[in-house]
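Every number in this text was worked out from the coordinates using simple rules, so none of it is lab data. Owing to the predicted nature of the structure, the values given are computational and were not obtained by experimental measurement.
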Amino acid sequence: MSNEQTENEMKKEYLQHYRKHVRRIRRIEEEIEELQAMKLSISAKNDGMPHGSGQRDLSGYAAKLDQLERNLIRERCQRIESHEEISGQIENLDDENESDVLFYRYIKGMRWWEIAEKMGYTERNICRIHGKALVHFEVPELYHDE
């Protein structure tokens, strides 16, 4: 792997941080929904038969739900910070087409064909612009130290 490829891979990894937060948030939200649905299905079992207090189940449920909600808040904060940092770096590019391609790809999560359609270019041109954008893109020094 050449030095330029290694540099571009590092830049892509940096740019992908925002979308990772978006995916984690969706996953946590889905986990919360599933947990709440399971809780509802357990409490719906009201057939008049004795089933025990279920107090342990409720405390475990509450603890798990609380932890997931804390994780969700933390991830949302990290998502905001990541969005501000990465979109700010993208805006530093001199070429508007290059910054648009990086924004649509790494912040909006669009596919190549969607970007091409939005910008009125072919996918091939979008990939070419993306390559040039990566060459011109600067990763913050702090990221290099991680």
Can you list the aspartates and glutamates whose alpha carbon sits under 16 Å from that of residue 132, skipping same-chain ones fewer than 8 residues off?
-> 4, 7, 9, 91, 94, 95, 96, 98, 100, 123
What are the ³J(HN,Hα) values, in whole Hz, obtained from phi via the Karplus relation 6.51 cos²θ - 1.76 cosθ + 1.60 with θ = phi - 60°, for each residue of region 80-85 in sequence order, with x given for Gly and Pro?
-> 4, 4, 5, 4, 4, 5
What list of ³J(HN,Hα) couplings, whole Hz, do you get for region 29-35 from phi and the Karplus terms 6.51, -1.76, 1.60, once you set θ to phi - 60° and write x for glycine and proline?
-> 4, 5, 5, 4, 4, 5, 4
Difference of contour (0.36 nm per residue) and Cα-Cα distance, residue 39 to residue 71 = 9.6 nm
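So which of 12/108; 20/118; 11/118; 64/108; 39/64 end up more than 19 Å apart by C-alpha? If you can, show how the numbers build up before the last one.
Working: 12/108 14 Å; 20/118 23 Å; 11/118 24 Å; 64/108 31 Å; 39/64 11 Å.
Table pairs above 19 Å Cα-Cα are 20/118; 11/118; 64/108.
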Phi angles of region 126-140, converted by Karplus (6.51 cos²θ - 1.76 cosθ + 1.60, θ = phi - 60°) into ³J(HN,Hα) in whole Hz with x for Gly and Pro, give 5, 5, 5, 4, 4, x, 5, 4, 4, 4, 7, 6, 10, 7, x
